[in-house]
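Scroll down for the structure; my scribbles are underneath it.
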Amino acid sequence: MTETSRRRLFLAAALDGPTRQLLATHLEAHGGDALPGRVVRPKNWHLTLRFLGWATEPQRDGVMRALDESALPGPFAVRFGGLGAFPKLRRATVLWLGIEGGGDELGELAAAAEEAAQAVGYEPEDRPYHPHLTLSRIRPAEDVTDLVEAFPAFAVKMPVTAITLYESHLRKGGAVYQAIDTVEL
């Protein structure tokens, strides 16, 4: 495989249009335009299950085949909650929206994605899975304690009906994510 035949990929649960719009409106209404760091554009919001990185076509096809053959849960709903941060509030490098319901099912999807990735030769993920929606990346790290504590929870449910394979196109203005395949639950 040549370098040009490799693609930068990840697996995720996509946000549906109504949830994306409700979240954007909620953030805007509560000062979301003042989030610290490099804010993720709403069109790029998703719930990451497994980052794959650079993948060849056979790796991509193998991951999707393994997922298609997995015993995945049926469709379910996630319920969003409040804000949080990695690695911790006082030294945040990632600001995220948490998952209050459906996290166990997202964990099952992440485990299936991990198994599929390892089946085609990816190294095991070195961090435990923590379901969240990334809102911004903060460099250098900042204390976001006051923001997180003051921000009202986004108590909305959203259906999860598929695992989506995305390609990440790195651009000067930020990454652009393109859905290229799905496995229905």
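Annotations
- Among the protein heavy atoms, those of Thr19 account for about 10 Å² of accessible surface (1.4 Å probe, every chain in place).
- Candidate residues Glu184, Glu108: accessible-area rank, largest first, probe 1.4 Å: Glu184, Glu108
- Within the assembled protein chains, the solvent-accessible surface assigned to Arg20 is about 50 Å², based on a 1.4 Å probe.
- Computed E for Phe51/Arg171 - FRET, C-beta separation, R0 22 angstrom, nearest 0.05: 0.80
- Here r is the Cβ-Cβ distance between Arg90 and Glu184 and R0 is 45 Å; the resulting FRET efficiency, rounded to 0.05, is 0.60.
- Solvent-accessible surface of segment 28-185, taken per residue with a 1.4 Å probe and all protein chains present: 54 Å².
- Here Lys157 is the anchor, and the lysines within straight C-alpha reach of less than 25 Å, apart from those fewer than 8 places off in the same chain, are Lys43.
- Cα gyration tensor, segment 97-152 - rounded (a/c under 1.5), prolate or oblate: oblate
- With a Förster radius of 41 Å applied to the C-beta separation of Ala71 and Arg8, the computed FRET efficiency comes to 0.90.
- Carbon + sulfur, % of accessible area of the chain - ligands and nucleic acids excluded, 1.4 Å: 50 percent
- Cα gyration tensor, segment 57-112 - rounded (a/c under 1.5), prolate or oblate: oblate
- When you count the other C-beta atoms within 10 angstrom of each residue and take the mean per peptide, 8-14, 40-46 line up highest first as 8-14, 40-46.
- Estimated [θ] at 222 nm from DSSP helical runs (n ≥ 4, -39500 (n - 2.57)) normalised by residues in the chain, nearest 500: -8500 deg cm²/dmol
The values are calculated or read from the model by the stated rules, or taken from the named source; none is laboratory data. All values derive from a computational prediction rather than experimental measurement. A quick note on method: Cβ atoms are made from the backbone with ideal geometry, for glycine too, and the neighbour counts reach across all protein chains shown. Keep in mind that these areas ignore ligands, DNA and RNA; they rest on the heavy atoms of the full protein, side chains included. Shrake-Rupley method; radii C 1.70, N 1.55, O 1.52, S 1.80 Å.
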